[in-house]
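As structure tokens, the structure follows; a few thoughts come after it.
Values in this text are rule-based calculations from the coordinates and carry no lab data. Given the structure is predicted, the values throughout are model-derived calculations rather than measurements. Cβ placement follows ideal geometry from the backbone for every residue including glycine, while neighbour counts extend to all protein chains displayed.
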Amino acid sequence: MILAAGRGTRLQQLTANTPKPLIKVAGKPMLQYHLEALERAGFSDVVINVCWLAEKIERYIQEQYPGNLQITLLREQQALETGGGVLAALSVLTDNNEPFLVINADVMTDFDYANIPAKIDSLAHLYMVDNPVQHPDGDFALIDGRLKLSCSDWHKFSRTFSGISILSPQLFASSSAGKFSLGDLFRKYIDQGAVTGESYQGSWFDVGTLERLQLAEQWQLALPQ
């Protein structure tokens, strides 16, 4: 699932008339980079939730998307945030309680989705990156493959969530339909020792501001074509 319903207010006027996932990086929509990477990795089915300027993402998929993935678009009347969006899509994402991949549409990365495991031994498995300058304190501590909300040596073990995760449907067993964040859900189960993680050392950008959009574009343009 690609989470693509957000407004993207920190990108200022860029998202006034263009949904954030369709903002171009080096001439190509961010959403297209994800779809291409998923297809290269062997995925066949993708769910995308949409809300802000949803019709433009729908039109892009129908008229401009060049790939072969089977894409299901789920329109939210009100943005349900990350957790609520996944919960609303659960019946489409899995019918056999198998885990599934979830990606934030507003990250740029060279992550190889072919390397993710088919099974996880937790309710959620998060890919963590070194703390970027805009988020120096990180989100969670990563110690021996488990995430923690606190530790005595936070500066050594803290990492930032990349926006890429593998989730089990059981993560949502006690959740009610509506608006809530994955972050809150992760924190609930981290306390129970039920969330695993691993570090990702490749290229990664959270395209949340104009400055970080420019960094992502510079990185993309520097790659071999």
Flagged in segment 33-60 as touching a Gly at 6+ places or on another chain (Cβ under 8 Å) and within 18 Å of LEU213 (Cβ to Cβ), in numbering order, are TRP52
I want to confirm something. Restricting to segment 16-34 and keeping residues that are in contact with a strand residue (DSSP E or B) (Cβ under 8 Å, 6 or more places away or on another chain) and among the hydrophobic types (A, V, I, L, M, F, W, C), which single residue is nearest to MET108 (Cα to Cα)? MET30
Just need a number here: residues in segment 117-141 that are under 17 Å from the mean Cα position of the chain (by Cα), under 20 Å from GLY83 (Cβ atoms) and among the aliphatic types (A, V, I, L, M). 4
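Being part of a helix (DSSP H, G or I) and crowded, with 21+ Cβ neighbours inside 10 Å, is that true of even one residue in segment 55-69?
Checked against the condition, which is being part of a helix (DSSP H, G or I) and crowded, with 21+ Cβ neighbours inside 10 Å, segment 55-69 yields at least one hit.
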Look through segment 142-165, keep the residues that are within 16 Å of the chain's Cα centre (by Cα) and polar (S, T, N, Q), and return whichever of them is nearest to PHE100 (Cα to Cα). SER165
Given (1) touching a residue at least 40 places away in the same chain (Cβ under 8 Å); (2) farther than 11 Å from PHE161 by Cα; (3) of a type in the set (D, E, K, R), where does ASP130 come up short, assuming only one miss? (2)
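Would you tally the residues in segment 51-98 being acidic (Asp, Glu) and touching a Cys at 6+ places or on another chain (Cβ under 6 Å)?
1
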Only one of (1) among the hydroxyl-bearing types (Ser, Thr, Tyr); (2) loosely packed, with under 14 Cβ neighbours inside 10 Å; (3) touching a residue at least 60 places away in the same chain (Cβ under 8 Å) does not apply to SER91, and that is (3)
Within the set of pairs 6+ apart or on separate chains, which have a first residue in segment 181-207 that is over 16 Å from ILE143 (Cα atoms), a second that is assigned to a loop (DSSP other than H, G, I, E, B) and of a type in the set (Asp, Glu), and C-beta atoms under 7 Å apart? GLY202/ASP110; SER203/ASP110; ASP206/ASP106; VAL207/ASP106
